[in-house]
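The values are calculated or read from the model by the stated rules, or taken from the named source; none is laboratory data. None of the values given here were measured: they were computed from a predicted structure. All Cβ positions, even for glycine, are placed from backbone atoms using ideal geometry, and neighbour counts span all protein chains on display.
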Amino acid sequence: ENEVTIHDPDLAGAALQLHRASRQDEVGSEILSEALARVFLVALVRRYGQYDANATKGFDLEDYTAILTYIESRLERRITPKKMAEIIGVSEATFSRKFKERTGHSPMAFVKEARLKAALVHLHENDLTLGEIAIRCGFADQAQFSRVFKSAQGKTPSQYRKAIIK
């Protein structure tokens, strides 16, 4: 069989992280693997992706990538659908509709998910306080972070962190 080899240190590093996370059998490893898989896929698409603009009905891969880049670079700041719409040059209503068609999530639900996934990565790194993680991931404070996290994960960030440290 023909094997394709691409020498890309960034993608190789991301693939190695994903591989390691997928082999872990501890609390939260599934979620971490999913987050790393998304990061890997976005990096892969950004570097090597091709797209058919007609297949995405007006919200193409370039638009999606621009929005992902914007969200990732501003997790600690306020993110609005209006600003995301401005980035790709459409109305807020059109953006929200097209974004939901493309991702299956409203823009703000997607942002919340991105913030939670970033928080999960930080919780595994264990070098930041919960307050620092909350601020870096765009939550107003540690209390809001804990409420949103518990709602999504079924346990508080501190309970989650204790479970993965064992």
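General observations
- Residue within region 41-56 that is at pLDDT below 90, touching a Ser or Thr at 6+ places or on another chain (Cβ under 8 Å) and within 30 Å of Q142 (Cβ to Cβ) present: yes
- Some residue of region 135-156 being buried (at least 17 other Cβ atoms within 10 Å of the Cβ), free of Cβ contacts under 8 Å to residues at least 40 places away in the same chain and within 30 Å of E62 (Cα to Cα): yes
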